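Shown next, in structure tokens, is the structure this report addresses.
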Amino acid sequence: MKPLLIATLLGVASIMILLPVANALTPRSDFSDNVSTYRLFSSTKVCGDHLCKPGEWNKWINNLFSSQIKKFSDLIGMKNPSSNGIKKASYDTKNVLHTSSGDITRINTFSMDGGRFTSFISVTNKGAIDVNHIAISQINPDVKVLKAWITPQWDSSIALYQTSFDTSKTSLTQGQTLNIVIVTDGKPAFSLDTLSSN
């Protein structure tokens, strides 16, 4: 009985050693910061631990963004961060056929070290066309925009008082909210200049 048990155990151990290791992970080939949790050109997106249902992705991202702002404000000791409230948009009327309506639906601004301020801005597309160009102005005099970003799919262009975001990889659809981060060298105030399709 003992030799049979030892032979069986040796056989099982040999099989375990010789079989290749199963790995569901794929090796990373892109070592830049352009990593996302969904496929860029596919409509399949992941919401936490399941595939998103129609319309669930936007709600999930907004909830994620809101929880990050709350944790960030608790981290720096701001229990009631001041918000600039809802701001109505002003629009460039040069291209009325390609311009969409929308609002800045929320702004949270936090004071950082060195006199810098970081603002989290939520922009909602309320128009019927898909948007791939956004222009936001910083309207406080003597306050300059230092950095601005949305996601790796959007390119940002910073002028002295205006920041433009453009993309050819995605779009802001009707009813969708996009979260933007802007860093300034003083306390800012923002207005939405343009939501348009190029």
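All of the numbers you see were taken from the coordinates with simple rules; none came from a lab. As the structure is a computational prediction, the values presented were derived from the model and not from experiment. Virtual Cβ from ideal backbone geometry, glycine too; neighbours counted across all protein chains shown.
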**Message:** Can you give me the Rg/Rh ratio for the stretch 119-198, using Cα atoms for both radii and the Kirkwood formula for Rh?
**Reply:** 0.96
**Over the stretch 95-149: Rg over Rh, Cα atoms, Kirkwood Rh** = 1.04
**Request:** Using packing as a proxy for protection, rank 164-173, 108-117, 187-196, 8-17 so that the peptide with the highest average count of other Cβ atoms within 10 Å comes first.
**Result:** 187-196, 164-173, 108-117, 8-17
**Item:** Formal net charge of residues neighbouring residue 154 (Cβ-Cβ distance under 12 Å; K, R +1; D, E -1)
**Value:** -1
